[in-house]
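The values are calculated or read from the model by the stated rules, or taken from the named source; none is laboratory data. Predicted model, so just to flag it, every value in this text is computed and none were measured. No Cβ is skipped: glycine too gets one built from the backbone with ideal geometry, and neighbour counts run over all protein chains shown. Please note that ligands, DNA and RNA were not included when accessible areas were found on the heavy atoms of the full protein model with its side chains. Shrake-Rupley method; radii C 1.70, N 1.55, O 1.52, S 1.80 Å.
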Amino acid sequence: MQSNIIDGRAISAAIKEEVREQTRALKEERRIVPGLAFLLVGENAASQSYVRSKERACELCGFHSTTVTLPATASEEEILARVDNWNIDPDIHGILVQLPLPDHVDEDRVIESISPLKDVDGFHPVNVGKLVIGQEALLPCTPAGIHQLLLRSGIETAGKHVVVVGRSNIVGKPIANILLQKAAGANAVVTVAHSAAGDIAAYTRQADILIVATGRVNTVTADMVKDGVVVVDVGINRVEDASREKGYRIVGDVDYEGVGAKAAAITPVPGGVGPMTIAMLMQNTLNAARRAADGR
C-alpha cells in the first residue's frame, strides 16, 4: 500500500496565511492588533529556539509580540508578577510562559495565574474543563493541530476507532477529548492506551486512526497496525546518525518505513505535527483578540 503523506508544513502555512489575512481585516475594521507575550525563564537553548520560531510566526501573521527573559534564579513571585501585568494589559491578548520552568518554580501555579482568556497554550484548568464538556475554549496547540491535520486532509473521523497512545496533559488527554466531541471532524470512538497496558499492540491493531505521543522511538512497528490505518506521529526523537552533518537525525515514535507501508496516510517526522503547533498558537491568539474585542 502506498501511503499518502500528510504534509504538516503545507497545512501549517495555509493556516498562518488565513490568520494573516484575518488579522489584516481585524486591524482595518476594528483597529485591533493581536498581541502575544512570551516569558522565558533561564537560558534553555531549546526554549530559546522555540520562542524565536514563535516570534517569527507573529511577525508573519502581523501580530505585536513581546518577549521577557528572566534569569533561572528568578523567584516564583517575580514570574507571577510579570504574568499579572500582562493579564491586565489590553494590548496583550495571549500569554505564553515557555516550559519547562526551573525546579524551584511551581509550574501549575504559574499556569493557573494566566487569565483563561489569554491562555493561548490551552493549559489552564478552566480551558481544559471547557474542552472536556464541549464548550468553546482555547485548545492546546498540538492537539488542535492534529485535529486540523485530520480535518483538512479529508480524513473521516465520525464513528471511527481512534487509538491514542500516550496520556499526557499536553497531547494524549486533550486530543482524546477533542475527537470525542459530537462535532465536525470529531465524533469518534476513542481509546487511550498507555504504559500500564500489558500489550499496547492489542489496542493499536484495532485503530482506524492511530495517534502516537510517547517520546519513545519505535513505540509502534508494522506488526502493531492493520492495513489502511491513518497514523499521526507526534514524537520528536534524536537518534545517532554518523552520515548526517550534525551526527544525528530526527525521528518520531513510529517506525515510519514499516508502518507507512501499511498505512493509508501518515505524518512524517519532521514535517508533520511539529509545524502545526505554532500555527495553532497563532490561531489561538487571533481568537483571543477577537473575543477581547467582543467583550467575552
Tally, over the stretch 263-291, of residues that are within 11 Å of residue 145 (Cβ to Cβ), surrounded by fewer than 24 Cβ atoms within 10 Å (Cβ to Cβ) and among the small types (Gly, Ala, Ser): 1
Cβ pairs under 8 Å, 6+ apart, first in the stretch 42-56 and in contact (Cβ under 8 Å) with a residue 12 or more places away in the chain, second part of a helix (DSSP H, G or I): 53/278; 54/278; 54/281
Test result for residue 20, farther than 30 Å from residue 230 by Cβ and open to solvent by 50 Å² or more (accessible area, probe 1.4 Å): no
Tabulated pairs, the stretch 17-38, first closer than 21 Å to residue 121 by Cβ and modelled with pLDDT of 95 or more, second outside any strand (DSSP E or B) and open to solvent by 30 Å² or more (accessible area, probe 1.4 Å), C-beta under 6 angstrom, 6+ apart or interchain: 19/283; 33/27; 35/91
Members of the stretch 32-69 found to be surrounded by fewer than 19 Cβ atoms within 10 Å (Cβ to Cβ) and closer than 14 Å to residue 93 by Cβ, listed by number: 32, 33, 62, 64, 66
So residue 180, is it within 30 Å of residue 137 (Cα to Cα), in contact with a strand residue (DSSP E or B) (Cβ under 7 Å, 6 or more places away or on another chain), surrounded by 14 or more Cβ atoms within 10 Å (Cβ to Cβ) and free of Cβ contacts under 8 Å to residues at least 40 places away in the same chain: yes
Residue match in the stretch 98-111 (condition: open to solvent by 10 Å² or more (accessible area, probe 1.4 Å), under 22 Å from residue 34 (Cβ atoms), touching a Cys at 6+ places or on another chain (Cβ under 9 Å) and at pLDDT 95 or above): no
For residue 185: the one exception among (1) modelled with pLDDT of 95 or more; (2) at positive phi; (3) not acidic (Asp, Glu): (1)
Scope the stretch 1-26; condition of a type in the set (A, V, I, L, M) and assigned to a strand (DSSP E or B); matching residues: 5
Strands (runs of 3 or more DSSP E) fully within the stretch 208-262 counting 2 or more residues that are surrounded by 15 or more Cβ atoms within 10 Å (Cβ to Cβ): 209-212, 230-233, 248-251
Check on residue 79, open to solvent by 70 Å² or more (accessible area, probe 1.4 Å) and either in contact with a His (Cβ under 7 Å, 6 or more places away or on another chain) or farther than 30 Å from residue 259 by Cβ (or both): no
